[in-house]
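Single-structure report; data block below.
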Amino acid sequence: MIKTIMKEINNETSSLCLMNEPLKKHTTYGIGGPADLMISPKSKQDLIKVIEIINENKIQLTILGSGSNVLVSDDGIRGVVISLKNSLKQIEVADNILYAECGTMLGKIVKYAVKNDLIGLENLNGVPGTLGGALIMNAGAWGGEISENLVHVELINSKSEVKKIQKKDLNFSYRQSSFDKDDILLSAKFNLKKADKNIIKENFMEAQSGRKKSQPLNKRSAGSLFKNPKNISAGKLLDDAGLKGFSIGDAKISEKHANFFINDGNASSSDMLMLIKKAHQEVKDRFNVNLSLEVKLLGFDERDIEGLC
Ligand SMILES: Cc1cc2nc3c(=O)[nH]c(=O)nc-3n(C[C@H](O)[C@H](O)[C@H](O)COP(=O)(O)OP(=O)(O)OC[C@H]3O[C@@H](n4cnc5c(N)ncnc54)[C@H](O)[C@@H]3O)c2cc1C
């Protein structure tokens, strides 16, 4: 089935198709087994055609942006993985409106807005990942969230229909969005405001230095592992539980920030999952708090990750 699909996609699009592609090459953790088939579409039109073929063949599909918020199983992911980190990169500004395709790196969008004297995205300076990943996760930092100045999102759904969804028809909350699980985001528009260059630059630099001070940016991670419960940071709970520096194999809880779980060499996903379960249990036992994951677990058996998400 996978070979037939690959043939059809090769015939009808200019996408790059790779069988048994190791996903550790496509995640910031550097962890993850193979995808049966990984596809990198060349353009939005290619992506739409690829989705039509996948939907017609009812093949299991997983979308990856730049893989900066995922832990992929050592067994990899069955079916097709579409990687968007090398495609859908168009970005434009007209007056106060910024348009970008969802494979564009958020960092590039933030810099583009700053260059055009547009305020509203600069707090997200330093958040890795693509625009698509940022919208799904409602990425945020230093008081700002990607959904704040959103006008609409263009997406393709499980019936292969391309739709524009206005912000008023979507719900965003802390690291959460209301897109359907099968929606694939194609592009988005933001309505920003013109402002003084110096004010925007100051916010931009503050976001950068705050990040450098508090996060282990020289280590492989997926950012904050757990979501912050109401009124307390997950990092403080993990720190108070004495978990800073604790490790299983090469999976380690950062000494610098206890909510950053790092791959300190050659960690496997099972090392990381064991470490996550240990930390989750420790916080539950000591503080009666049930932490939930911000990082998405992909390719795991449901029974192995029960109670974590
Ligand atoms: C060092 C570091 C610091 C970080 N700091 C922050 C921070 O300050 N704030 C913050 O919010 N996050 C932070 N993160 C987490 C991460 O960067 C964000 O969640 C980012 O928005 C994820 O984007 P991505 O393209 O890498 O998505 P991925 O990790 O590839 O995917 C994340 C989810 O989105 C889905 N997805 C991705 N693209 C699409 C698409 N086009 N259509 C449909 N679904 C899609 C995937 O299926 C997956 O479920 C940090 C990560 C690192 C490594």
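The values are calculated or read from the model by the stated rules, or taken from the named source; none is laboratory data. In this text the structure is predicted, and so the values were computed from the model without any measurement. With ideal geometry, Cβ positions are generated from the backbone for all residues, glycine too; neighbour counts draw on all protein chains shown.
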Check your understanding: Do you know which of the residues in region 183-214 that are basic (Lys, Arg) and under 25 Å from the mean Cα position of the chain (by Cα) is farthest from residue 104 (Cα to Cα)?
Key -> 213
Review point. Are there any pairs with C-beta distances below 6 angstrom linking a residue in region 123-145 that is in contact (Cβ under 8 Å) with a residue 12 or more places away in the chain and closer than 17 Å to residue 167 by Cα to a residue that is hydroxyl-bearing (Ser, Thr, Tyr) and more than 7 Å from the ligand (Cβ to nearest atom), with the two at least 6 apart or on different chains, and if so which?
Key: 131/104; 136/177; 138/147; 138/177
Practice item. Output the qualifying pairs, or none if there are none: Cβ atoms under 8 angstrom, residues six or more apart or on different chains, first residue in region 256-275 and touching a residue at least 24 places away in the same chain (Cβ under 8 Å), second residue among the acidic types (Asp, Glu) and surrounded by 18 or more Cβ atoms within 10 Å (Cβ to Cβ). Key: 268/74; 269/74; 270/74
Check your understanding: Taking region 189-225, which residues are in contact with a His (Cβ under 7 Å, 6 or more places away or on another chain) and closer than 19 Å to residue 120 by Cβ?
Key -> 189
Review point. Counting just the residues of region 160-190 that are among the charged types (D, E, K, R) and within 12 Å of the ligand (Cβ to nearest atom), which one comes out surrounded by the fewest Cβ atoms within 10 Å (Cβ to Cβ)?
Key: 181
Review point. Taking into account only those residues within region 73-96 that are outside any strand (DSSP E or B), touching a Gly at 6+ places or on another chain (Cβ under 8 Å) and at pLDDT 95 or above, which is nearest to the ligand (Cβ to nearest atom)?
Key: 84
Point to revise | Restricting region 16-39 to residues that are among the polar types (S, T, N, Q) and within 20 Å of residue 296 (Cβ to Cβ), the residue that is nearest to the ligand (Cβ to nearest atom) | key: 28
**Study point:** Filter result for residue 263 (at pLDDT 95 or above, in contact with a strand residue (DSSP E or B) (Cβ under 8 Å, 6 or more places away or on another chain) and within 20 Å of residue 22 (Cβ to Cβ))
**Key:** yes
Practice item. Only residues that are more than 11 Å from the ligand (Cβ to nearest atom) and surrounded by 23 or more Cβ atoms within 10 Å (Cβ to Cβ): list them for region 121-159, please. Key: 121, 122
Point to revise | Candidates 31, 59, 2, filtered to the one that is aliphatic (A, V, I, L, M), surrounded by fewer than 18 Cβ atoms within 10 Å (Cβ to Cβ) and touching an Asp or Glu at 6+ places or on another chain (Cβ under 8 Å) | key: 2
Review point. Exactly one of (1) within 30 Å of residue 195 (Cα to Cα); (2) surrounded by fewer than 16 Cβ atoms within 10 Å (Cβ to Cβ); (3) away from the ligand (no atom under 16 Å from the Cβ) is unmet by residue 108. Its number?
Key: (3)
Exercise for review: Take residue 238 and decide whether it is touching a helix residue (DSSP H, G or I) at 6+ places or on another chain (Cβ under 7 Å) and surrounded by 15 or more Cβ atoms within 10 Å (Cβ to Cβ).
Suggested key: yes
Exercise for review: Identify the single condition in (1) touching a strand residue (DSSP E or B) at 6+ places or on another chain (Cβ under 7 Å); (2) surrounded by fewer than 21 Cβ atoms within 10 Å (Cβ to Cβ); (3) at positive phi that residue 88 does not satisfy, given that it satisfies every other one.
Suggested key: (2)
